[in-house]
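Reading through the structure tokens given below for one structure.
What follows draws every value from the coordinates through simple rules; no lab data is involved. What you are looking at is a predicted structure, and each value in this text was computed from that prediction instead of being measured. Backbone-built Cβ (ideal geometry, glycine too); neighbour counts: all protein chains shown.
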Amino acid sequence: MTRLWHPFTNMATVAGREFVVDRAEGVWVWTEDGQRLLDATGSLWYVNVGHGRVEIADAVREQLVKLDSYNIFNDYANRPALELADRLAGLAPVADGHVFLTPGGGDGIETAAKLARRFWAVEGAPERNHLIGRASAFHGAGGFGTTIGGIEANLQDIGPLVGGVSRVAYDSLDDLRAEIERLGSERVAAVFVEPVVGAGGVLPPPAGYIEGVAALCAETGVLFVLDEVICAFGRLGHWFAAERFGVEPDMIVFAKGVTSGYQPLGGVIAAGRLAAPFWTGDGDYFRTGQTYSGHPACCAAALVNLDIIEREGLLARSRELEGVLADALAPLTELDEVSEVRAGLGLMAAVELAPEAIGAGITVPAVFEATRAEGVITRPLGTSLGISPPLTITAEEIGLIPAAIGVAIEAVAKAGSRAG
Ligand SMILES: Cc1ncc(COP(=O)(O)O)c(C=O)c1O
């Protein structure tokens with residue numbers, strides 16, 4: 001009997017048959033019963049520097065021994081939180097960035113949504129409160145994030161969602177422009193954009209889309225919020241994906257790769273002009289935050305993680321490997337069961353199964369399971385398998401991914417034809 005209720009999971013399919021991961025090193029993980037697997041997803045898109053980095057563990061231990069935790073409400077601060085805020089503001093292409101720390105990405109999205117509305121309210125335009133998201137997007141499990149997100153299944157049966165939110169196609173600037181015009185730009189607070197849609201299936205933006213959103217926001221005054229929870233810290237080959245597209249968002253939401261998952265941490269980097277009403281003159285309250293905002297052990301982990309990314313040149317390495325990953329996966333499209341491989345923008349990819357294959361029982365869960373039995377962990381994402389390995393992976397190890405998926409598809413197809 002198990003008591004652990006897993007996130008985003010049908011427990012009837014899992015209870016009593018959990019896949020218990022016991023230890024990890026580099027790009028490899030081991031289960032409790034000794035199976036070694038290639039972690040081709042970096043857990044949930046976050047183990048950017050790879051597993052088993054003792055120097056991050058040491059930094060966390062040292063910090064916990066010195067100061068286990070202390071909140072940063074009111075005038076309290078701790079040195080790692082102050083240093084991390086400085087460091088992130090210096091790295092991010094956000095004008096005069098001010099950093100709000102949260103325990104994770106979803107809380108970062110809630111914070112960004114509130115700040116977008118609150119900013120316009122203190123600017124004297126409280127009616128400017130509409131938020132726009134995109135179909136297929138994922139922005140976390142909070143109230144705002146769930147509503148702004150566009151994965152249909154996540155929106156079902158949870159009653160009325162947050163008001164004043166709408167969604168547009170993920171790949172059409174015209175659709176976004178039409179929605180802003182329909183509402184009137186003076187009513188739209190912000191638009192939320194994942195640089196590459198992650199959980200929705202690794203959907204890269206059409207050429208010019210991100211730049212186009214930035215231009216449209218500049219033209220209409222709508223705030224441009226880039227959700228870089230997956231795409232920052234090297235996933236797209238830069239500290240922030242915004243650099244890849246040459247854009248300067250009003251806010252960047254981050255999490256995951258900021259600590260490579262060694263500690264839970266996220267946040268928002270907000271442009272100085274959004275912070276100004278709260279920071280200057282008489283100032284004002286921004287009434288949000290979490291108990292563990294700015295937790296010193298999480299910030300200490302982030303600082304060492306950023307050191308590792310810098311010291312080992314992992315941004316450049318990611319840029320080199322994205323083509324290697326795309327080339328390695330491309331031959332899978334020769335299989336009848338694979339309709340598409342989406343890869344080449346960042347060290348992330350998706351292998352899409354053909355509808356006919358899925359109809360014939362070669363389903364994503366079945367192929368995922370069979371790939372894992374072959375020793376490679378991918379991630380089921382709707383009709384595709386997602387891939388987002390640590391940035392430390394080698395070209396040789398990348399080669400194991402399509403090999404395992406190919407064998408898995410064949411095995412599932414054979415098992416199906418035997419059963420049939
Ligand atoms: C793009 C994006 N935004 C937000 C989130 C939510 O982050 P968290 O799970 O840390 O709350 C995720 C999580 O996968 C994500 O992929």
| message | Using 0.36 nm times the number of residues separating V162 and D96, minus their current alpha carbon distance, what extension gain do you get? | response | 20.7 nm
| Could you give me the ³J(HN,Hα) list for the stretch 321-329, computed from phi with Karplus coefficients 6.51, -1.76, 1.60 and θ = phi - 60°, whole Hz, x at Gly and Pro? | 7, 4, x, 4, 5, 4, 5, 5, 7
| note | A correct fewest-to-most ranking of M348, M1, M11 by other Cβ atoms within 10 Å would be M1, M11, M348
| Separation in nanometres of the label points that stand 7 Å from Cα toward Cβ, at E219 and E32 | 5.7
| query | Looking at the P(r) of the stretch 54-311, how many percent of alpha-carbon pairs lie beyond 35 Å? | reply | 12
| remark: PRE zone check, label point 7 Å out along Cα-to-Cβ of A125, amide N under 13 Å, scope the stretch 208-237, hits 217-224
| Fewest-first ranking of W239, W28, W5, using other Cβ atoms within 10 Å as the exposure measure | W5, W28, W239
| task | Output ³J(HN,Hα) for the stretch 108-125: one whole-Hz value per residue in order, computed from phi by the Karplus curve 6.51 cos²θ - 1.76 cosθ + 1.60 with θ = phi - 60°, and x for Gly and Pro. | result | x, 5, 4, 5, 5, 5, 5, 5, 4, 5, 5, 4, 5, 5, 6, 7, x, 10
| said: Show me the three semi-axes of the equivalent ellipsoid for the stretch 313-419, from the C-alpha gyration tensor (sqrt of 5 times each eigenvalue), largest first, rounded to whole Å. | reply: 25, 13, 11
| field | Relative packing of peptides 357-366, 47-56 - highest average C-beta neighbours within 10 Å first | value | 47-56, 357-366
| So how far, in whole Å, is the C-alpha centre of the stretch 276-305 from the one of the stretch 339-402? | 37
| field | Residues C298, C231 arranged by fewest to most Cβ contacts within 10 Å | value | C298, C231
| CD proxy at 222 nm, helix term only [per DSSP H run n ≥ 4: -39500 (n - 2.57); per residue of the chain; nearest 500] | -12000 deg cm²/dmol
| said: Given Cα positions, please report Rg to Rh for the stretch 345-392, the hydrodynamic radius being the Kirkwood one. | reply: 1.01
| Non-local amide H neighbours of V197 (under 5 Å, H modeled in plane, Pro and chain starts lacking H): which ones? | L203
| task | Could you give the spread of the C-alpha atoms of the stretch 56-153 along their three principal axes, from largest to smallest, in whole angstroms? | result | 46, 37, 25
| field | Computed over the chain: relative contact order in percent, which uses C-alpha pairs under 8 Å that are six or more apart | value | 21
| said: Need the C-alpha centroid separation for the stretch 74-109 versus the stretch 2-42, integer Å. | reply: 32
| query | Roughly how big is the stretch 282-364's charge dipole about its Cα centre, with Cβ charges of +1 (Lys, Arg) and -1 (Asp, Glu), in debye to the nearest 20? | reply | 380
| query | By how many degrees, 0 to 90 and rounded to 10, does the Cα axis of helix 395-419 deviate from the longest principal axis of the chain? | reply | 60
| Listed peptides 148-154, 129-135, 334-340, 16-22 by packing density, highest first (mean Cβ within 10 Å) | 129-135, 148-154, 334-340, 16-22
| For the chain, modelled as a GNM with alpha-carbon contacts under 10 angstrom, which of G104, G221, G234 fluctuates the most? | G221
| query | For the chain, what is the charge dipole size about the Cα centre, in debye to the nearest 20, if Lys and Arg each add +1 at the Cβ and Asp and Glu each add -1 at the Cβ? | reply | 720
| In nanometres, what is the gap between the two model label sites at R61 and E25, each 7 Å from Cα along Cα-to-Cβ? | 1.7
| remark: Ranked by GNM mean-square fluctuation in the chain (Cα springs under 10 Å), the top entry among F73, F245, F368 is F73
| field | Under the Karplus curve 6.51 cos²θ - 1.76 cosθ + 1.60, θ = phi - 60°, whole-Hz ³J(HN,Hα) for the stretch 28-35, x wherever Gly or Pro sits | value | 10, 10, 10, 7, 4, 9, x, 6
